[in-house]
1. Tally up the residues in the stretch A:152-211 that are more than 27 Å from the chain's Cα centre (by Cα), among the polar types (S, T, N, Q) and either under 14 Å from residue A:138 (Cα atoms) or at pLDDT 95 or above (or both), please.
2. Please verify whether residue A:123 is under 30 Å from residue A:23 (Cα atoms), surrounded by 17 or more Cβ atoms within 10 Å (Cβ to Cβ) and more than 21 Å from the chain's Cα centre (by Cα), treating the condition exactly as stated.
3. Take the stretch B:130-145 and flag every residue that is more than 13 Å from chain A (Cβ to nearest Cβ) and without any contact (Cβ under 8 Å) to a residue 40 or more places away in the chain.
4. Identify all residues within the stretch A:98-126 that are away from DNA strand D (no atom under 15 Å from the Cβ) and either within 14 Å of chain B (Cβ to nearest Cβ) or without any contact (Cβ under 8 Å) to a residue 60 or more places away in the chain (or both); write none if there are none.
5. Could we say that residue A:68 is within 29 Å of residue B:164 (Cβ to Cβ), at pLDDT below 80 and in a helix (DSSP H, G or I) here?
6. How about the stretch A:1-52: which helices (runs of 4 or more DSSP H) wholly inside it have at least 3 residues that are more than 15 Å from DNA strand C (Cβ to nearest atom)?
Protein chains: 2
Amino acid sequence: MLDLAILGLLKEGPLHGYEIRRRLRAQLGMVANVSFGSLYPALARLEAAGDVEALASEDDELTTALPSTGSLSGERAAQRAKRLVGARGRRSRKVYRVTDAGTAHFATLLNASSGTDDSRSFGLRWSFARHLAPSSRLALLERRRAQLVQRLGETTDSELLDPYARSVVKHAADGVASDIAWLDDLIEAERTSMSDMSTSDRIAPSASAARGANSPADAGANN
Amino acid sequence: MLDLAILGLLKEGPLHGYEIRRRLRAQLGMVANVSFGSLYPALARLEAAGDVEALASEDDELTTALPSTGSLSGERAAQRAKRLVGARGRRSRKVYRVTDAGTAHFATLLNASSGTDDSRSFGLRWSFARHLAPSSRLALLERRRAQLVQRLGETTDSELLDPYARSVVKHAADGVASDIAWLDDLIEAERTSMSDMSTSDRIAPSASAARGANSPADAGANN
DNA sequence: CATCGCTATATCGGTACGATATGATTACAT
DNA sequence: ATGTAATCATATCGTACCGATATAGCGATG
């Protein structure tokens, strides 16, 4: 569940652990709240499995790609270059790059029909939906919708609970209903996108639900 | 986080593990989805800590208090009573009862201002809010509200995300906003309840937000 | 210059989950 | 009646994640 986030971020370029966490919290902080205690073991696990590999931390074009560490303005850079000989920066940060096996593993995780189905897991999957084929996207949405409908059906909204507990259950059920409505919107958008793709020209640069997504499908649809 | 649920359920009467899980999923399935792999270790942990103690499984007034196991209609009951001599039932189920130390621990957990603050933790806490003093209830609500407001503020809703990820972040932010609105309603209800309590008679059996809750405050307000 | 804060990696203990094993009892079909 | 499927009930194992903590280099502030 965390391997997916790491591999998905690393697909856009090599990063080190601290920066992975920074970006995950900045961009997907609402969805995945990852901590160091899980991130570094996950990176070690992925490296042992051959899904990622550690670069030698050359920090040649890495620091230029990371404006966050910035504030090195000329004189600072010279001072730093004089102090740090060769290939070691502040604390020898380990920069990871995704391998081919890691790309395959990412596709497997993203496309997996089983696994845990809590809201954070789905949110993470859907935030990488640009790497899925349109049919897989639709399947993922409808699978998730069926799960939520089942959850709503299992709600007993019984009156034997005190008002506080009942309030919690009611609010949670409202949240699930809101999720279902959201999924319905997404499903409709995906459907119209697919029909637009099939009926119009191959290159239709506007009015698509997936506008702005590069490489619309690089993970095979295995179902 | 699970100790709270177990102790809260056990406050209403002794139960065995399987039944604890059954009730938690039936009543608070939206909030706490507990599994055996965490429930039984938690029970053993609580027993080792002295917060609960195991009864000898007499199943005299326990099975009568559990209509779920039912369908024992006369003849079945006689057959069963003949078969099972004395104090052991189907699989020697261990019935737990909360101790005084467990009650104190429950109050501590419920009243704790620190600890994890995810939505499931708060939902569980609030579903036992009848055991809190009104001032503690209000403090809990406003603490949670401040956390959610901060979460919303940290959202960057940046446009550098692709439409799929942006949709997830947007929907999550909407959910947080909905939670804040819900909390505002609860805060207002608690405030009016407190002012009603202070301005009207001591015994006002109707028009209270906490109507139906027995023993309105048995956990001390420690803050 | 000393201390604080940020960057950066790593480990530890505890908590929770899913899968699985085991066994006893009940329901149901053959 | 007998087999067999389902349910009740407890327990354990491996794994994942989190919060707290340790360590350490470095820039900025006072």
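The values are calculated or read from the model by the stated rules, or taken from the named source; none is laboratory data. Note that the coordinates shown come from a computational prediction; the quantities given were computed from them, not determined experimentally. Counting neighbours? That spans all protein chains shown, and the Cβs are built from the backbone with ideal geometry, glycine included.
1. So the count comes out to 1.
2. In short, no.
3. B:143 - this is the single residue of the stretch B:130-145 that is more than 13 Å from chain A (Cβ to nearest Cβ) and without any contact (Cβ under 8 Å) to a residue 40 or more places away in the chain.
4. Of everything in the stretch A:98-126, those that are away from DNA strand D (no atom under 15 Å from the Cβ) and either within 14 Å of chain B (Cβ to nearest Cβ) or without any contact (Cβ under 8 Å) to a residue 60 or more places away in the chain (or both) turn out to be A:99, A:100, A:101, A:104, A:126.
5. Yes: the conditions hold for residue A:68.
6. Hits in the stretch A:1-52: A:3-10.
Results for (1) without any contact (Cβ under 8 Å) to a residue 24 or more places away in the chain; (2) within 11 Å of chain B (Cβ to nearest Cβ); (3) surrounded by fewer than 17 Cβ atoms within 10 Å (Cβ to Cβ); (4) under 26 Å from residue B:23 (Cα atoms), shown as yes or no for each residue.
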residue: A:128; (1), (2), (3), (4): no, yes, no, no
residue: A:149; (1), (2), (3), (4): no, no, yes, yes
residue: A:164; (1), (2), (3), (4): yes, yes, no, yes
residue: A:171; (1), (2), (3), (4): yes, yes, no, yes
